[in-house]
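Q: First the structure, then my questions, so here it is.
The values are calculated or read from the model by the stated rules, or taken from the named source; none is laboratory data. Worth saying up front: this structure is predicted, and the values here are computed from it rather than measured. Here the Cβ positions follow ideal geometry from the backbone for every residue, glycine too, while neighbour counts run over all protein chains shown.
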Ligand SMILES: [Zn+2]
């Protein structure tokens, strides 16, 4: 599996999952999660408001390193990252159901 472009990822996000991801992003913001970028490695990390010593590697293509993502293939960090990157489309294109 190769690297996915932003457009490919955005297209993969279905309407249902877009709603889920938007909700997760809102929960993350309310909880105080912050997405930071290590410019040298172009790697995003998400802070963990419940544990000041922890952070999670989060990536639009590969997901998040937290336990929730491993279990459910989505998490607040991932939702917030996609939201901040503008990858959750506000208006979802109608595609064949
Ligand atoms: Zn996560």
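Q: For region 1-53, how many residues are in contact (Cβ under 8 Å) with a residue 60 or more places away in the chain, under 19 Å from residue 68 (Cα atoms) and out of contact with any helix residue (DSSP H, G or I) (no Cβ under 8 Å at 6 or more places or on another chain)?
A: Total meeting the criteria: 1.
Q: When only residues in region 72-90 that are more than 24 Å from residue 39 (Cβ to Cβ) and more than 10 Å from the ligand (Cβ to nearest atom) count, which is modelled with the lowest pLDDT?
A: 90
Q: Tell me which of these residue 53 doesn't satisfy, since it passes every other one: (1) modelled with pLDDT under 95; (2) within 12 Å of the ligand (Cβ to nearest atom).
A: The one condition residue 53 does not meet is (2).
Q: Select from region 56-71 the residues that are surrounded by fewer than 21 Cβ atoms within 10 Å (Cβ to Cβ), within 9 Å of the ligand (Cβ to nearest atom) and under 17 Å from residue 6 (Cα atoms) and list them in ascending order.
A: Within region 56-71, 63 is the sole residue that qualifies.
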